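Down below is the structure, laid out as structure tokens.
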Amino acid sequence: MLSRRILCFLLLLNGWLPSGAQDTAKINFYYRELKENITDSLRITDLCNLAWEHAKANADSGFHYAEVALAYAQKVKDLNGEAFAHQLIGVCYEGRNNVAKAAESYLRSISISEKTGNKKRLSDCYGNLGNLYFAMNKIPEARAYAEKTLKVKQEIGQVVGIVICYANLGDIMASLKKPDSALYYYGLSVKLSEEIDHRMCIAYSCRGMGKIYKERQEFSKALENLNKALLISEKDGDMQETASAYMEIGSVLCEMKKYSEAIANLEKAYTICTERKLADRKTAACRELASAYEASGDHKNALRVYKEYKQLQDSVFSKQNFEQIGKMQADFANQKKEQERQLEERQKEFERKEAENRRRILSGVFIAIAVLVIGFAFWRARARKKANEKLSAAYALVEEKNKDITDSINYARRIQEAILPSQDLIRQLFPKSFVLFRPRDVVSGDFYWFSEKNGKKLVAAVDCTGHGVPGAFMSMIGNAFLDEIVDEKGITRPDLILSELRHQVIRALKQTGALQENKDGMDIAVLSFDEKTRVVEFAGANNPLWLVRNNELIQVDPDKRHIGYFKGLGLPFNLHKIELRKGDALYIFTDGYADQFGGPKGKKFKYRQLKERLISLGEMPMEEQHEALAATFSIWKGNLEQVDDVLVIGIKV
């Protein structure tokens, strides 16, 4: 079984839940997907995910899947898959307490990731090595890798990884007896965690700060942080951390000589440990509780709890096992020294090869630069002579090509306008509605779509990757797919529409999740109205639904993933059903309106102002709302350039 610290670190980095146990639903999903006709890249990813899920409970079981993933990745020459497999093999070795082998696997993953430029994998393995050194109490080395991890996480903008690095650096500084630095990093972790609502990291860092403030005798600050950690752990149902928080609070209250409150908290910790069968924590709770009773003068209860503490201790360390344990400790100490020696040798060898590669690369670069400089000088002398002769002809050719391109783009605009729903169709389906549509360029990457099928009226607001000509190509693909999904296949449920649309886009763009391939796709909000039941169904990919009712705005959140390849997982989209009331106004949109720079300080308009504007327009007819929103946008933009395509759709019931 992996240790809780290692487990939480990996879980948080990879977006998995910190349960410490196998997720049966995920395991079944990966098994099913492996039976399908999927790409090599996705097959390797599924095998690695299975390795991780099994490794949570049993390192040996996870090891099997990681080795299969590695062999398959090497067979198909998938370097990213190979790096992922090496990392998970390292995790399994760590679960077996084989530190040297774990480090070797992480270093192999790092070497491959540096070649492929996969900074996420690189930073994850730096983090693995940092935690490995921390577990071995090699704190300076742990600090060096934690700082390397943080640097790369900041470069790639992986916010959750940055949060964890701050928390880890807090632990490291606390171990180095640098409380001010530890508080600084824990504080950064809490601040950033609150911004992204990462509750587990908030609780973890608050507990870290609570311990430091307790050591510094700043008890009020200690209790403030520990109570915050307790509140989060209790609310999230993490009873192991809840018990730890109660024990820490009880310990602080003992220091403050508030014995009755201390005993109350420690008894809660004891009860949780008993109910949840947390043997190691129950032993600690009994020790703390006995001390609290003794300090309060309640010698009878102190003796009772102390006896239980000794029984618990004896059940773990019985006399007949002392000799065996001593032998195991001696063997482990020898093994640990040998592993540390091997780890240092591999680290030195890795650094030596890195230095050698750098020297080789620098030599090649210097030679290449010299050749280029000489060649460039020769070429420039010849080119200058011919340049003036060609300049006039080139200018005329550019002018001609520019006219051809402009004519082509204008023709593309006419095609796009012909594809978009007519105003007659929109008024027929939704008499009380408007569409505010302002492309940034001649053609647009945003588009709106209306349809009617099987008694349902459907509308979508779509934001394709890019704008201008590239965005327009994507919008035509998206429009054609929506027509096929609804009009030909008869699918009218928004969540199913999005799932099918994702499938069509991935297939059309030949996306496999490979590092260098295109990441094109679209964000979308889809509504399906049933006038008989007066119910609207909604599903969204990154784009929400806003409902204005009785001068209040209600946001229905979308799924946080786009239409296109997303981590290789075919996760379903969520369906939301809303019973409509008379006077309700519904709005779907793309991000162009809120992202527009302007106003007196040249800042973004932002969603907060857009919400306030829509609430203020709630009672106005939809045509007047359209005019008001258009005027607001123009006034805000002023003389600045429009930064993106703009699309807002409003429908009143």
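Given the whole protein assembly as supplied and a 1.4 Å probe, what does the accessible area of Thr271 come to in Å², nearest 10?
Roughly 60 Å² of Thr271 is accessible to a 1.4 Å probe.
With a probe of 1.4 Å, find how much accessible area region 132-175 has per residue, and write the answer as a whole number in Å².
Values: 1620 Å² over 44 residues.
Result: 37 Å² per residue.
P(r) of region 411-491 in 10 Å steps, Cα pairs, percent per bin?
18, 50, 29, 3
Can you give the FRET efficiency to the nearest 0.05 for Lys519 and Lys560, using r as the Cβ-Cβ distance and R₀ = 22 Å? Can you show the working numbers first?
Numbers: r = 16 Å, r/R0 = 0.71.
Approximately 0.90, to the nearest 0.05.
Quote to one decimal, in nm, the extra length available between Glu234 and Arg352 on full extension: 0.36 nm per residue of separation minus the C-alpha distance between them.
On the way: separation 118, 0.36 × 118 = 42.48 nm, distance 4.93 nm.
Contour length minus Cα-Cα distance gives 37.5 nm.
For His626, His198, His299, His86, give me the order by solvent-accessible area with a 1.4 Å probe, most accessible first, ignoring ligands, DNA and RNA. Working shown, then result.
Values: His626 60, His198 35, His299 105, His86 15 Å².
Highest to lowest solvent-accessible surface, that is His299, His626, His198, His86.
I want to check the label-to-label distance for Gln74 and Met136. Put each point 7 Å from Cα in the C-beta direction and report it in nm to one decimal.
Result: 2.4 nm between the two label points.
To make sure I understand the rule: partners must be lysines, Cα under 23 Å from the Cα of Lys637, and not fewer than 8 residues away in the same chain. Which ones qualify?
Partners found: Lys601, Lys603, Lys604, Lys606, Lys611.
Which loop-located GluC sites (Glu not before Pro) does region 575-653 contain, where loop means any DSSP state but H, G, I, E or B and the Cβ has at most 14 other Cβ atoms within 10 Å?
On the way: sites: Glu579, Glu612, Glu619, Glu623, Glu624, Glu627, Glu641; in loops: Glu619, Glu641.
Sparse-neighbourhood loop GluC sites (Glu not before Pro): Glu619, Glu641.
Along the Cα→Cβ direction, 7 angstrom out, place labels at Lys177 and Lys191. What is the inter-label distance in nm?
Label at Lys177, label at Lys191, 2.9 nm between them.
In this model, which of Lys75/Lys120; Lys432/Lys457; Lys77/Lys153 are farther than 18 Å apart at the alpha-carbon? Mind dumping the intermediate values first?
Working: Lys75/Lys120 23 Å; Lys432/Lys457 14 Å; Lys77/Lys153 27 Å.
Over 18 Å apart, Cα to Cα: Lys75/Lys120; Lys77/Lys153.
With label points built 7 Å along Cα→Cβ from the Cα atoms of Glu147 and Thr533, find their separation and express it in nm.
In this crude spin-label approximation the distance works out to 6.1 nm.
From the residues Thr590, Ser616, Ala628, which one has its Cα farthest along the dipole of region 586-653 in the positive direction, the dipole being from +1 and -1 charges on Cβ of Lys/Arg and Asp/Glu about the Cα centre?
Final value for the positive-end residue is Ser616.
What figure in square angstrom, to the nearest 10, would you give for the accessible area of Arg613 with a 1.4 Å probe?
Result for Arg613: roughly 70 Å² accessible.
Once you have the Cα-Cα distance between Leu571 and Glu224, take 0.36 nm times their residue separation minus that, and quote the gain in nm to one decimal.
Values: separation 347, 0.36 × 347 = 124.92 nm, distance 3.98 nm.
Answer, rounded to one decimal: 120.9 nm.
Quote the charge dipole size of region 234-294 about the Cα centre in Debye, to the nearest 20; the model charges only the Cβ of Lys and Arg (+1) and of Asp and Glu (-1). Please list the in-between numbers first.
Working: 9 positive and 12 negative charges, 33 e Å.
Approximately 160 debye in magnitude.
What ranking of Arg121, Arg108, Arg143 comes out by heavy-atom accessible area, probe 1.4 Å, highest first?
Values: Arg121 30, Arg108 120, Arg143 70 Å².
Putting Arg121, Arg108, Arg143 in descending order of accessible area: Arg108, Arg143, Arg121.
Working out 0.36 nm times the residue gap between Glu215 and Lys257, then minus their Cα-Cα distance, what length gain in nm do you get to one decimal? If you can, show how the numbers build up before the last one.
Numbers: separation 42, 0.36 × 42 = 15.12 nm, distance 1.53 nm.
Length gained between Glu215 and Lys257: 13.6 nm.
Measuring from a point 7 Å past the Cα of Tyr607 along Cα-to-C-beta, which residues in region 520-560 have an amide N at less than 11 Å?
542-546, 555-560
For the full complex of protein chains and a 1.4 angstrom probe, list Ile196, Ile164 by accessible area with the highest value first. Intermediate values should be presented prior to the final figure.
Values: Ile196 65, Ile164 5 Å².
Accessible-area ranking of Ile196, Ile164, largest first: Ile196, Ile164.
The values are calculated or read from the model by the stated rules, or taken from the named source; none is laboratory data. Only a predicted model underlies this, so the values are computations on that prediction, with no experimental measurement involved. Here the Cβ is made from the backbone with ideal geometry for all residues, glycine too, and neighbour counts use every protein chain on show. Note: accessible area is taken over every heavy atom of the protein model, side chains too, but ligands, DNA and RNA are not part of it. Shrake-Rupley method; radii C 1.70, N 1.55, O 1.52, S 1.80 Å.
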